[in-house]
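Nothing in this text is a laboratory measurement; each read-out follows from the coordinates by a stated rule. These numbers were taken from a predicted model, which means no experiment stands behind them. So basically every Cβ, Gly included, is an ideal-geometry build from the backbone, and we count neighbours across all protein chains shown.
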Amino acid sequence: MHEWALAEAVLDAAEKAAKDGSLKRVTGIVVRVGELQRMDLDAFRFSLEEIQKAGRPLLAGALIRTESEPALFACKACGRRWSLAEGAAGADAEEAEHIHFVPEMAHVYLRCPGCAGPDFEVAEGRGVRVSQVEGET
Ligand SMILES: [Zn+2]
């Protein structure tokens, strides 16, 4: 299951960060989930809780929060960075939905709002990462 594997990777990363920071107990973890990441957030949260309960003493009491990371595109031609809402201003609702679920489609529907160029990359908003690990040393 996709969400389970992601949750496992996230908790591995949190555990490593805690060890690197010499934390004896982790109290809070913040996970950023990219707007363009394709997954079931409920299943992801469920997986996090289940894995946390199953033999991760360092993370046992931690409160895990998930935050959405907005998508950000960067134009390779003019350097402008823009959000999905801004870039999809000319796209209709159905097209915007396509971009959400298939980020590769962004290049079909989006153009740089600055120079109208099609040569851009997804700078943020893909993948899942641990942004913060809090605890007691
Ligand atoms: Zn541009």
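In the set (1) touching a residue at least 24 places away in the same chain (Cβ under 8 Å); (2) within 16 Å of the ligand (Cβ to nearest atom); (3) over 22 Å from the mean Cα position of the chain (by Cα), the condition left unmet by residue 24 is number (2). Quick one: in region 49-80, of everything that is within 16 Å of the ligand (Cβ to nearest atom) and assigned to a strand (DSSP E or B), which residue is farthest from the chain's Cα centre (by Cα)? Among them, the one singled out is 75. If we scan region 78-98, do we find a residue that is surrounded by 14 or more Cβ atoms within 10 Å (Cβ to Cβ) and in contact with a Ser or Thr (Cβ under 8 Å, 6 or more places away or on another chain)? For region 78-98, residues surrounded by 14 or more Cβ atoms within 10 Å (Cβ to Cβ) and in contact with a Ser or Thr (Cβ under 8 Å, 6 or more places away or on another chain): absent. For region 98-105, the count of residues that are outside any loop (DSSP other than H, G, I, E, B), among the aromatic types (Phe, Trp, Tyr) and within 16 Å of the ligand (Cβ to nearest atom) is zero. Within the set 36, 84, the sole residue that is within 17 Å of the chain's Cα centre (by Cα) and within 16 Å of the ligand (Cβ to nearest atom) turns out to be 84.
Which residue is farthest from the ligand (Cβ to nearest atom), if the candidates are limited to region 106-137 and must be assigned to a helix (DSSP H, G or I) and surrounded by 14 or more Cβ atoms within 10 Å (Cβ to Cβ)? Among those that are assigned to a helix (DSSP H, G or I) and surrounded by 14 or more Cβ atoms within 10 Å (Cβ to Cβ), it is 109.
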